[in-house]
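Notes to accompany the following structure.
The values are calculated or read from the model by the stated rules, or taken from the named source; none is laboratory data. Because the structure is a prediction, the values reported are computed rather than measured. Glycine gets a Cβ as well: all are built from the backbone with ideal geometry, and neighbour counts include every protein chain shown.
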Amino acid sequence: MQIEPEVSFRNVQRTEFLDQAILEGIDKLKTVHDRITSVRIAVEDQRGTGIHDHLYRVRIEVTFPGGQVIVKEKPADGPHLPLEQVLSNAFDAARRKLRETRRQQKGQAKERSPRSIGRVVEIFPHEGYGFIQDDEGEFVYFHRNSVAGHGWDSLDTQHAVEFEEEQGDKGPQAVVVFPIN
């Protein structure tokens, strides 16, 4: 990296644990794109109404020759995630976007498969992910960020969905999920 990472904290106590998690996240970004020129990270607590009610937000900007990737991980509706989870989700999203941008720059953009129909068979609302079973009986991972619109809040098991699938690092994953009413 050509420039030292810029990290800012707002209403969040900087700790050695957070510093380490951020450095590890940046190292993982470098494995996806070897020509990153700068990384800017903002970690914020938007403070909820209760004394223990935190609304964490993380913004990551990654700059590289010919482009930039920006990820904003915001508080979810419902129970609020701990800062470590919000930070991890933000770095995961940044790596996915960086990987896709890198492929596009190389002219290797992923071909999207046609949409499939399936049913949600497992959902973990607090962790932000679930699994869809497609019409062939295969299980497909999905993340709450892949659910179109505000559909995440309405999903439960046996909910019918339409989705686009691609091969992820750990198996098939849905990149876009559309709940069927």
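Out of ILE117, ILE180, ILE123, report the one residue that is in contact with a strand residue (DSSP E or B) (Cβ under 8 Å, 6 or more places away or on another chain), crowded, with 17+ Cβ neighbours inside 10 Å and either free of Cβ contacts under 8 Å to residues at least 24 places away in the same chain or more than 21 Å from ILE36 (Cβ to Cβ) (or both).
So the residue among ILE117, ILE180, ILE123 that is in contact with a strand residue (DSSP E or B) (Cβ under 8 Å, 6 or more places away or on another chain), crowded, with 17+ Cβ neighbours inside 10 Å and either free of Cβ contacts under 8 Å to residues at least 24 places away in the same chain or more than 21 Å from ILE36 (Cβ to Cβ) (or both) is ILE123.
Select from the stretch 1-56 the residues that are among the hydroxyl-bearing types (Ser, Thr, Tyr), modelled with pLDDT under 90 and part of a strand (DSSP E or B) and list them in ascending order.
TYR56
Looking only at the stretch 121-157, count every residue that is charged (D, E, K, R), under 15 Å from the mean Cα position of the chain (by Cα) and assigned to a strand (DSSP E or B) and tell me the total.
0
Identify the residue in the stretch 98-134 that is modelled with pLDDT of 80 or more and of a type in the set (D, E, K, R) and, among all such residues, is nearest to GLN85 (Cα to Cα).
GLU127
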